[in-house]
Structures are given as structure tokens and as C-alpha cells.
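Reviewing the structure listed below.
FYI, it's all coordinate maths here, none of it is from the lab. Computed from a predicted structure; not experimentally measured. Every residue, glycine among them, receives a Cβ derived from its backbone with ideal geometry; neighbour counts consider all protein chains shown.
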Amino acid sequence: MTRLRMAVIGVGHLGQHHARILADLPEVELVGVADANPDQAQLIADRLGTTAFDDFEPLLERVDAVSVVTPTIYHHHVAAAFLKQGVPVLVEKPVCRTVAEADNLINLAERAGVPFQVGHIERFNPAFEDLARRPIVPKFVEAERHGPFTGRSTDIGAVLDLMIHDLDLLLSLIGGPVRNVSAVGASVFGGHEDMVNARLEFENGCVAHVTASRISQRPKRRLRVWAPEGYAGIDFVSRKLTLVQAGEELRRHGLRVDKMDAAAKARLKDEVFGRYLQVLHLDEDRKCDQLTSELRHFVDCVKTGRRPRVSGEDGRDALELAERILAAVRCHQWNGTTDGPVGAGAFPRPSGWLFQPPQERRNEAA
Ligand code: NAD
């Protein structure tokens, strides 16, 4: 078997895991890792028994496929160089900084006739994969993605860093286009927005509420879907899927609570789940991590020429929706007037203390 010669460009927090997983795949030969920080490149190369590069250029002619895991601002520059060379590319999310950059990469991949995949990893979360196979037509969706502040990805804000995952999931589950977008977001530490809430109205009538924060104490990543077929809840952290559906009796005869006497209503309380609504918890056999699944899928697409599950167009569509949300965030009037503070950077200063702060901190601040 000829092994696919691959490299990872950018081996920081996430890229080192791309490199580790690819080095372990029997059908791949990891021919090198490149990082603008030569010490980091050497550290990862030594760990994995491959060659370190402080620039990706020498790898252009040495690889059959590449994984790009640099900060977002460099995605276009690096991915375009490989696509122009006819090398298939997996680029981390968000695909690029702008839709115009994403369109350019899509064109380059099309011209070269090679697979171009975007790293929207939650599509490979087994709980989401399971839900996506079921016949559900979402009507109302709630997505929450909260993470602690990491100090990384400060070249982008919470929309492009976190919310973009859910935007891609929503578009794949509900289907576009989105008719109306309203959003509010605030920058707490300066620079880009750190927390955002958006309401999306899809043309097919579905409504989604999406929240992202990168200054939360505990991570929380979940999706809740209400549909005529029932309810689906995903916890992306534990990879659990919960499904609820109306049982046979409810479907066939319905229920008229308004016509029930007190005793029947009292009984109903205990019979809601079981007799009328059926519940299924799915959390077994979900051991394979989604980054391994995503990379295996990319390798398979390169070998077979198949279109990736998350294509350049998917990455572009999620980015376009993200740009609309960011535009709405920029216009939000905190006092409800045009002459007051507007947008994430103008989040009003606190009007008082919610609780008494520790004395020494107050002294420091004074
Ligand atoms: P990081 O800062 O930890 O790592 C980036 C690395 O790229 C650094 O080591 C840096 O030296 C290197 N680099 C910078 N410019 C380069 C260039 N031109 N050529 C080669 N190397 C270069 O960042 P990270 O957290 O690993 O994030 C990297 C990318 O992965 C970002 O696009 C981010 O959005 C994405 N990401 C995706 C997920 C996910 O869930 N899919 C999670 C985290 C990060």
C-alpha cells in the first residue's frame, strides 16, 4: 500500500493533535510539520519522529495532502499555496477571515479538482452523526457553546471562534437560507466580542437561538431541537443524545387536558413520560474521538476523490451567516437609541457592584 504523504502546518494547541493522529494512521506517512515558531515545530517533530520546518514552502512539492491548523488570519495564505499546487487541503474552522477569501479557496480547489475540507469537527461528534441520520424536521432550536477564556484565537471573536460550530450544524440540520438575523454581543476583555446571542429565522419557518461565550467558568456545548417528530438534545461534551417522541396512544388519540377531570390530570403527571412520551438516551459506544474521525474521513476523501462531508462551500456558508451575525452585533444599540453606545466594543460600564468585592481587590482597584 502506498502511503499518503501528509504534513500539518501550524502545530500549536490543536495542530499537534492533528499531527499525532495522522502519524498513527497506517495509510499516512507524516513527512513533516511546519510552524512559524521553529522550537514548536522541532518539539512536535521530535515527538513524532518526523521532520520540522519553520516555513511551509518546502513542503509544497513533498506532500499528497495537508492539514492547515494555523491561526485563522493565515488560513487563506497557506491553504491557497497548497491548492494552487494541486494538493488537497483540510483547513481548520473558520475556513477563512472573509467570504471572499473562502470563495477564492473553493475556486482553487475546483480548478485543481481536489478535495477541500473544513474542520467543523462537531459534524463528526457521534451524537450529532446519530441525530443527522434520523428523520427530524426542526422547528425550534437552541444552541449553547460556552468555554473558559484560553487566551488563544484572539485574532477572532466568539462568533468565529465558537458560534461558527453551531452555525454549521444548524445549516446542515435545518438547511438554509436564513431570512432574518438579530444579535447582541459584548466585548468584555477588549478587542473582539467575547459573548454573543443571536436569533435566526430560517426561510422554512424554523427559528434558532444561538449563544456563545468564551469567558465562562465551565464548558457547556449543547444543542436542543424541537420538531413535530419529537425532541432531541445533544450534549457535545459527553457525546450524549437524548430523544423524546410521542407514543402510539398520543399519536393515535391525542390528549385533551382541558377536558380532563382533576383525578385524570393528577394521573397524567406520572404518566407523561412512559405512557404518552417515550424517552431514549444514547450514550454507549461513543468512544472514537471526533478529531480522529474527521482526519480519517479527509484521508478517505483524498484517496477516493469523494466530496468531504464538510466542504469548502459549507465552511463558506457558515462564515457568511457569521458575518451577518457580526454585522447585527455591530449595530446593537445598548440604550435603544442611535446616539447612545452601539456595538460589542461599547458595552456599557457597570452601574454598581452585584455583590461586595473582596477588600484587597477593592484596594488594588482604587
Ligand atoms: P495556536 O495559536 O495554539 O497554534 C497555532 C500555531 O500556528 C502556532 O504554533 C503558531 O506558531 C503557528 N503559526 C502561525 N502562523 C503560521 C504560519 N504562517 N505558518 C505556520 N505556522 C504558523 O492556535 P490553535 O488553538 O491551535 O488554533 C489553530 C486553528 O485551529 C485556528 O484556526 C482555530 O480556530 C482552530 N481551532 C479549531 C478547533 C475546533 O474545535 N475545530 C479548536 C481549536 C482551534
Cα long-axis angle, helix 15-24 against the chain (0 to 90 degrees, to the nearest 10): 70
Estimated distance in nm for a label pair at Arg218 and Gln42, the labels positioned 7 Å out from Cα along Cα-to-Cβ: 4.3
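Above 24 Å lies some portion of the pair distances; for segment 124-283, what is it as a whole percent of all C-alpha pairs? Can you show the working numbers first?
On the way: 5835 of 12720 pairs.
Counting pairs separated by more than 24 Å, the tail of P(r) holds 46 percent.
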C-alpha long axis of helix 312-331 to longest principal axis of the chain, angle in °: 60
Rg(Cα) / (2.2 N^0.38 Å) computed for segment 71-122, rounded to two decimals: 1.00
Farthest positive-ward along the chain dipole, Cα basis, beta-carbon charges - from Ala322, Leu43, Ser351: Ser351
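Cα-Cα over 28 Å: which of Lys220/Lys303; Lys240/Lys303; Lys220/Lys269; Lys139/Lys240; Lys93/Lys220; Lys139/Lys303? The partial results should precede the final answer.
Details: Lys220/Lys303 36 Å; Lys240/Lys303 32 Å; Lys220/Lys269 30 Å; Lys139/Lys240 21 Å; Lys93/Lys220 19 Å; Lys139/Lys303 38 Å.
Too far apart for the 28 Å limit: Lys220/Lys303; Lys240/Lys303; Lys220/Lys269; Lys139/Lys303.
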Virtual spin-label span in nm between Val244 and Ala263, 7 Å along Cα→Cβ: 2.8
Rounded FRET efficiency, nearest 0.05, which uses the C-beta distance separating His253 from Leu25 and R0 of 51 Å: 0.40
Among Ala263, Ala344, Ala158: highest mean-square fluctuation, GNM of the chain, C-alpha pairs under 10 Å: Ala263
Inter-label distance for Glu313 and Asn180, nm, one decimal - labels placed 7 Å from Cα along Cα-to-Cβ: 2.9
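For the chain, would you read off the P(r) tail past 38 Å as a percentage of all alpha carbon pairs?
Details: 19141 of 66795 pairs.
Looking at the chain, the distances longer than 38 Å represent 29 percent of pairs.
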Residue-span extension gain [Thr98 to Arg306] - 0.36 nm each, minus C-alpha spacing: 72.3 nm
Counted charge near Ile215, where neighbours are those whose Cβ lies closer than 11 Å (Asp, Glu -1; Lys, Arg +1): -1
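Per DSSP helix of 4 or more residues, -39500 (n - 2.57); summed, then divided by the residues of the chain. What does that give at 222 nm, rounded to the nearest 500?
When only DSSP H runs of four or more count, the value is -10000 deg cm²/dmol.
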Folded to 0 to 90 degrees: helix 75-84 orientation relative to the chain principal axis, Cα: 60
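Volume per residue, Å³, of the convex hull around the alpha-carbon atoms of segment 270-340?
On the way: hull volume 17.3 nm³, N = 71.
Spread over its residues, the Cα hull of segment 270-340 gives 244 Å³ apiece.
Distances longer than 14 Å among the Cα atoms of segment 315-364: what percent of all pairs is that? List each step's numbers first, then the result.
Details: 830 of 1225 pairs.
More than 14 Å apart: 68 percent of the Cα pairs in segment 315-364.
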Within segment 164-268, trypsin sites (Lys or Arg not before Pro) in DSSP loop having at most 15 other beta-carbon neighbours inside 10 Å: Arg256
Segment 101-211 - convex hull of the alpha-carbon atoms, volume per residue in Å³: 142
